[in-house]
C-alpha cells in the first residue's frame, strides 16, 4: 500500500427517509404545541434529539406552510397555519360544544373544556374560561394527559362497558371509577393530573367516532359537585342531540 495515497473521502451522512422526515416534522409540531413559550432552534433540536442542521431544515419547511414561525429574536413558536388546521379537527363537536362550554364556564366560574381520546391520552380540544373570574385553572387546547388519570379519561371509559373497553385491546385497564361514573352519568377526580386541582366530566358519545368528555376543572369551589356533575350531564346530552 502506498503510504502517500489519499485517504478515502468520509462517507456523507445518510439521508433520512421521507417517512422519517415526516415523523420528525410532526414531532417538531408536537413539541411546540406543548411548549410553554417560544424555543430557540437549539432547544427545539435538543427536544427532537437531532442535530441543529436537521432541525433547521425541518423548521424551514414548516415555516413555508406557516405551521411554525420565528419571532424577532429567532425563537420558534406555533404559526397561524396550525389554527387553520385545528378548525377542521372534530369540527361538528367543536361547533356543538362551544355554546355549552361558554354557558358552563360563566355559570359555574370554572374553566370548561372538551377532551378527546388519542391513543393512551386525552387531548384538550376546546376550552372556555369564565368571563368574570380572576382565579381559574388554565387548560390550553392541545394539552394532553394519560387517559387513565383524571375525570375526562374516566368519563371517556364510562361511555363503554368494561367488556367493550377490553375488546378494544388498548392495554389500559378499565378503572372501577368508570363503572361508577357509568351509573352516575359523570366522573370526578382530585390530585390526579395536577396537584391540588379537581375535575368533573361527563361522556359525550360521538356518532361514528370515539367518545369524548365534557369537563370542568377548578382548584376550589363552594358548589355542590353533584349539581355541577348534573349540569355537565345535561350539557353533554344537548351536544349529543346536535351531533345525532
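The values are calculated or read from the model by the stated rules, or taken from the named source; none is laboratory data. Quantities reported herein were computed from a predicted structural model and do not represent experimental measurements. Heads up, the Cβs are rebuilt from the backbone with ideal geometry, glycines too, and the neighbour counts pull from every protein chain shown.
Quick look at the numbers
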| quantity | calculated |
| --- | --- |
| Of all residues making up segment 149-170, the number that are surrounded by fewer than 19 Cβ atoms within 10 Å (Cβ to Cβ) and either free of Cβ contacts under 8 Å to residues at least 40 places away in the same chain or closer than 21 Å to residue 208 by Cβ (or both) | 9 |
| Residue that is surrounded by the fewest Cβ atoms within 10 Å (Cβ to Cβ) [pool: residues in segment 101-119 that are more than 14 Å from residue 231 (Cα to Cα) and out of contact with any strand residue (DSSP E or B) (no Cβ under 6 Å at 6 or more places or on another chain)] | 119 |
| Failed item, numbered, when residue 38 is tested on (1) more than 26 Å from residue 16 (Cα to Cα); (2) in contact (Cβ under 8 Å) with a residue 40 or more places away in the chain; (3) in contact with a strand residue (DSSP E or B) (Cβ under 6 Å, 6 or more places away or on another chain) | (2) |
| All helices (runs of 4 or more DSSP H) inside segment 130-226 with 3 or more residues being outside the structural domain of residue 37 (by TED's automatic domain parsing) and closer than 29 Å to residue 27 by Cβ | 151-158 |
| Conditions (1) exposed (fewer than 12 other Cβ atoms within 10 Å of the Cβ); (2) farther than 23 Å from residue 101 by Cβ; (3) under 23 Å from the mean Cα position of the chain (by Cα); number of the one not met by residue 183 | (3) |
| Residue match in segment 73-82 (condition: closer than 22 Å to residue 211 by Cβ, within 18 Å of the chain's Cα centre (by Cα) and in contact (Cβ under 8 Å) with a residue 24 or more places away in the chain) | no |
| Residue count for segment 69-121, restricted to those that are within 20 Å of residue 34 (Cα to Cα) and assigned to a helix (DSSP H, G or I) | 8 |
| Residue 227 being free of Cβ contacts under 8 Å to residues at least 60 places away in the same chain, exposed (fewer than 14 other Cβ atoms within 10 Å of the Cβ) and either under 25 Å from residue 168 (Cβ atoms) or within 17 Å of the chain's Cα centre (by Cα) (or both) | no |
